[in-house]
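Have a look at the structure below before the remarks.
The values are calculated or read from the model by the stated rules, or taken from the named source; none is laboratory data. Because the structure is predicted, anything quoted here is derived from the model rather than measured. Every residue, glycine among them, receives a Cβ derived from its backbone with ideal geometry; neighbour counts consider all protein chains shown.
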Amino acid sequence: MWSAARMLDMKKAIQILAWPALIAAFIALCAMTTLPCLAADSAVLRNGFSIRHERRQVIGTITRLFVDGDNSSFVDIPTAEIDHFEAIPDELPLHLATQVPAPQVQHPMDLNEVVRTASGTYRLDPDLVNSVIRAESGFNVRAVSPKGAQGLMQLMPQTASQLGVHNAFDPQANVEGGARYLRELLERYNFDLVKALAAYNAGPHRVEQYGGVPPYYETKAYVARIVRDFNKKKLAAQAATQPATQKKPPIKSTTTHAPSTKSRKSSPQTEAKVAAGPASDHN
């Protein structure tokens, strides 16, 4: 028979041999629960929107949010309008996602998705729509101009009603209506972006009265500001996609016309490169 002392020594030996295996299992478990999670960030704005982006850069009083990994597209937001930033983890691998239930978290509405959806519906460049929103409201959902224009794309009540927008302070409905109105103006003026923007600001009757941009400082500054912001995005996209040896200086002209068409299905997205002068605040 085994003595009590002998049995105690064997028990200790088994415990000592088991420790390395237990430690290895613990380390493996920790590694599984602390796997690095590559993530984009979300800028949560004070107006309730969020903007998913790959990186950001503070330039003076604005924060530039790069929404693509190659820095070809960005949105400039007044830094004061950003409430905070949140990390957005990538989706879990399939074998983990089936074991771990996804938490039910309510995230703010993604402005990029709203703009992309409306731009796709009316075949507009999302960068152009973003530039218009920036000039019109500074991304303020509750913005109201002295003349009564409302929301992100500053729709006048009568215009909003004609476009079927019942609540101009509903971000999605506002951007949808504003994109539709901008598309109608582009078609009306044979895709002359400058005239379309002037009509968006001063009204089509003023553009037709003066045969072009009305002689109002506010309208001229408004058009120049949007064109400058839009061109800046296009130049950034060009720099990100072209090899260094093929980069060329931007071509400047008064307007760039896209081919006109009677069918929306066949008409191209709007693009323009326009020489812009100094600009000032619209609202």
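Observations
- Within the stretch 199-223, the residues that satisfy the criterion of being in contact with a helix residue (DSSP H, G or I) (Cβ under 9 Å, 6 or more places away or on another chain) and closer than 30 Å to D68 by Cβ are Y200, N201, Y222, V223.
- Within the stretch 113-160, being closer than 17 Å to V223 by Cβ and among the charged types (D, E, K, R) holds for D125, D127, R134, E136.
- Looking at V132, V194, V115, just one residue is out of contact with any Leu (no Cβ under 8 Å at 6 or more places or on another chain), surrounded by 19 or more Cβ atoms within 10 Å (Cβ to Cβ), touching a residue at least 60 places away in the same chain (Cβ under 8 Å) and over 19 Å from V44 (Cα atoms), and that residue is V194.
- Residue selection: A196 fails the criterion of being over 26 Å from K233 (Cβ atoms) and assigned to a helix (DSSP H, G or I).
- Members of the stretch 168-195 that are polar (S, T, N, Q) and either at pLDDT below 95 or farther than 20 Å from G138 by Cβ (or both): Q172, N190
- Verdict on E86 being modelled with pLDDT under 85, among the acidic types (D, E) and part of a loop (DSSP other than H, G, I, E, B): no
- Some residue of the stretch 208-215 being surrounded by fewer than 22 Cβ atoms within 10 Å (Cβ to Cβ) and of a type in the set (V, I, T): yes
- Residue that is surrounded by the most Cβ atoms within 10 Å (Cβ to Cβ), among those in the stretch 169-191 that are aliphatic (A, V, I, L, M) and within 20 Å of the chain's Cα centre (by Cα): A179
- Selection within the stretch 135-160 - within 14 Å of L185 (Cβ to Cβ) and surrounded by fewer than 20 Cβ atoms within 10 Å (Cβ to Cβ): M156, T159
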